Amino acid sequence: MLEERPIATLPLREHVYERLQELLISRSLAPGDHLVEERLASQLGVSRGPVREALQRLHRDGWITIRPRHGAFVNRPTVQEVHEFFEARELVEREATHLAAERCTPADAARLLEICDQADADWARGVPAQQMAAHTSRFHRAVLESARNHILLEFGERLSHRSRWFFAPLVSVNAPRAWTEHRRVAELIAAGEADRAAEAMHSHIALSRDSYLDIHPDGDTYEGSGPAPPSARALGSGR
């Protein structure tokens, strides 16, 4: 019999971490923004302690950099980091797509096509970019789930947050083309054409990488020893 104990709630620092991570992913906190503990705490309605702990964890996880005597700043991805991310994503999702085409059930195929239909309808209605980004996340996760490989799914989940971060500035630009590519992948998976589906996913990810580099040809690199210039949108910008 299970011991009767209350299920522990997440510590406040975890909630603060997740909230800040979402602001980073959506680029409400943009690359280069200066993050000031006191202002973040005020905006989030918490004390500075949980914010300080969350910032330390975000630093360890590679989202921000804490510079002595300057403070915390949102990281700017370099060209090398962009290529490394897309290489990792291609390896995971290309193989997942191949397996999905071999293993998907009619229900899996219907779900992939339904996500495409919902995305097309929402794009035609002019929904906000973040809602389109949510459809993209759902589609790629559905492909991973259809592969029925828990290790690939775990790797895909680890890439998911980074993926949303990289694609935040691209949603409006890429949406029509990206969803045409998603539907092509879904149709090939549904048809069981594993090699062609995997190649279609490979092409989709490569085009996404190229679109990112078209907008950021030098990455978002900040070259310097001092703080990067903060944007006016930063919660901690002091403006």
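Within the stretch 125-147, is there a residue that is of a type in the set (A, V, I, L, M), open to solvent by 40 Å² or more (accessible area, probe 1.4 Å), in contact (Cβ under 8 Å) with a residue 24 or more places away in the chain and closer than 23 Å to L99 by Cβ?
Checking the stretch 125-147: not a single residue is of a type in the set (A, V, I, L, M), open to solvent by 40 Å² or more (accessible area, probe 1.4 Å), in contact (Cβ under 8 Å) with a residue 24 or more places away in the chain and closer than 23 Å to L99 by Cβ.
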Self-check item: Lone unmet requirement of (1) open to solvent by 60 Å² or more (accessible area, probe 1.4 Å); (2) within 20 Å of E157 (Cβ to Cβ); (3) within 23 Å of the chain's Cα centre (by Cα) for H83
Solution: (2)
Exercise. Scan the stretch 105-123 and report the pairs whose first residue is within 12 Å of A191 (Cα to Cα) and whose second residue is surrounded by 13 or more Cβ atoms within 10 Å (Cβ to Cβ) and of a type outside the set (A, V, I, L, M, F, W, C), with Cβ atoms within less than 6 Å and a gap of 6+ or a chain change.
Key: D108/S146
Quiz prompt | Odd one out for A30 among (1) outside any helix (DSSP H, G or I); (2) buried (at least 18 other Cβ atoms within 10 Å of the Cβ); (3) of a type in the set (G, A, S); (4) free of Cβ contacts under 8 Å to residues at least 40 places away in the same chain | solution = (4)
Exercise. Specify which of the listed residues (A119, A54, A100) is touching a Ser or Thr at 6+ places or on another chain (Cβ under 7 Å) and surrounded by 17 or more Cβ atoms within 10 Å (Cβ to Cβ).
Key: A100
Quiz item: What about S42, is it of a type in the set (S, T, Y), farther than 19 Å from R158 by Cα, open to solvent by 70 Å² or more (accessible area, probe 1.4 Å) and out of contact with any Phe, Trp or Tyr (no Cβ under 9 Å at 6 or more places or on another chain)?
Solution: yes
Exercise. Mind counting the residues in the stretch 180-239 that are hydroxyl-bearing (S, T, Y) and either modelled with pLDDT under 50 or assigned to a loop (DSSP other than H, G, I, E, B) (or both)?
Key: 5
Practice problem: List every residue pair whose Cβ atoms lie under 6 Å apart, where the two residues are 6 or more positions apart in sequence or sit on different chains, the first residue falls within the stretch 196-218 and is in contact (Cβ under 8 Å) with a residue 40 or more places away in the chain, and the second residue, located anywhere, is among the hydroxyl-bearing types (S, T, Y). | Solution: A197/T97; A198/T97; M201/T97
Practice problem: Return the residue satisfying two criteria in turn: it lies in the stretch 33-66 and is in a loop (DSSP other than H, G, I, E, B) and in contact (Cβ under 8 Å) with a residue 12 or more places away in the chain, and of such residues it is nearest to A133 (Cα to Cα). | Solution: W63
Practice problem: Answer with yes or no whether P68 is crowded, with 19+ Cβ neighbours inside 10 Å and modelled with pLDDT under 95. | Solution: no
Practice problem: Could you pull out the residue among E95, E114 that is exposed (fewer than 15 other Cβ atoms within 10 Å of the Cβ) and either under 22 Å from the mean Cα position of the chain (by Cα) or within 24 Å of Q130 (Cβ to Cβ) (or both)? | Solution: E114
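The values are calculated or read from the model by the stated rules, or taken from the named source; none is laboratory data. Keep in mind the model is a prediction, meaning the values are calculated, not measured. Backbone-built Cβ (ideal geometry, glycine too); neighbour counts: all protein chains shown. For accessibility, only protein heavy atoms count, side chains too; no ligands or nucleic acids. Shrake-Rupley method; radii C 1.70, N 1.55, O 1.52, S 1.80 Å.
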